[in-house]
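**Student:** Sharing a structure with you now.
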Amino acid sequence: MIEANALRKGTTFTQDNELFKVLDYTHNKTARGSATIRVKVQNLRSGAIFEKTFNGGEKVKDTSLDHSQAEYLYNDGELYYFMDNETYEQPAIHKDALTDIIPYLIENMTVKISTYDN
């Protein structure tokens, strides 16, 4: 767990079973009040971008991502299948998570994928 005031651009964290990446960070301190941390985040599952506000002492679960090279194999309409070039595992990713890159995917193309442990 890390405190919200430790969040910086590029940090990934989980909250309420959702995975977020910090895009922007501001720290506001009023004269007598407590600090307020405002972050612009991207939900890495849905792609949605929005702002979240935390009080100075709040904590979130720090999450590290593992990056690996994978080869795009094929899709069945709903799921897109990739093969990890090192372990030969074949993870499937739902098309909703790939909407921005689907037009650029070509079979046998090498891409970078990110995974994390809950």
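Values quoted throughout were computed directly from the atomic coordinates according to the rules given, and no laboratory measurement underlies them. Note that this is a predicted model, so its numbers are computed, not measured. Neighbour counts run over all protein chains shown; Cβ positions are idealised from the backbone, glycine included.
**Student:** Quote the FRET efficiency, to the nearest 0.05, computed for residue 64 versus residue 32 with a Förster distance R0 of 35 Å and r equal to the Cβ-Cβ distance.
**Tutor:** On the way: r = 37 Å, r/R0 = 1.06.
Plugging the Cβ-Cβ distance into 1/(1 + (r/R0)^6) gives 0.40.
**Student:** Pairs of Cα atoms under 8 Å, at least six residues apart: use those to get the relative contact order of the chain, whole percent.
**Tutor:** On the way: 228 pairs, mean separation 25.7, N = 118.
Relative contact order for the chain comes out at 22 percent.
**Student:** Okay, moving on. Once the Cβ-Cβ distance between residue 24 and residue 55 is put in as r, and R0 is 25 Å, what FRET efficiency do you end up with, to the nearest 0.05? Show your work: numbers first, answer last.
**Tutor:** On the way: r = 18 Å, r/R0 = 0.74.
With a Förster radius of 25 Å, E is 0.85.
**Student:** Given contacts defined as C-alpha pairs under 8 Å and at least six residues apart, what's the relative contact order of the range 66-115, whole-number percent?
**Tutor:** Values: 82 pairs, mean separation 23.1, N = 50.
Once normalised by length, the contact order is 46 percent.
**Student:** Same structure again: Compute, for the chain, the length of the dipole vector about the Cα centre, with Cβ point charges of +1 (Lys, Arg) and -1 (Asp, Glu) only. Units Debye, rounded to 20.
**Tutor:** Details: 13 positive and 18 negative charges, 212 e Å.
Value, rounded to 20: 1020 debye.
**Student:** Using only the C-alpha atoms of the range 2-62, find the volume of their convex hull and express it per residue in Å³. Could you put the intermediate results ahead of the total?
**Tutor:** Working: hull volume 4.1 nm³, N = 61.
In the range 2-62, the Cα convex hull volume per residue is 68 Å³.
**Student:** Follow-up question, since we're still on this one. Treating the Cα atoms of the range 55-118 as identical point scatterers in vacuum, please give the log10 of the normalised Debye intensity I(q)/I(0) at q = 0.13, 0.19, 0.24, 0.26 Å⁻¹, two decimals.
**Tutor:** Relative scattering, expressed as log10 I(q)/I(0), comes to -0.43, -0.74, -1.06, -1.20.
**Student:** Still on this structure, I have one more. Evaluate the relative contact order of the range 2-62 (contact order divided by residue number), counting alpha-carbon pairs under 8 angstrom at least 6 apart; express in whole percent. List each step's numbers first, then the result.
**Tutor:** Values: 125 pairs, mean separation 22.9, N = 61.
Over the range 2-62, the number comes to 38 percent.
**Student:** Report the far tail of the P(r) of the chain, meaning the percent of Cα-Cα pairs longer than 22 Å.
**Tutor:** Working: 3109 of 6903 pairs.
For the chain, the share of Cα pairs beyond 22 Å comes to 45 percent.
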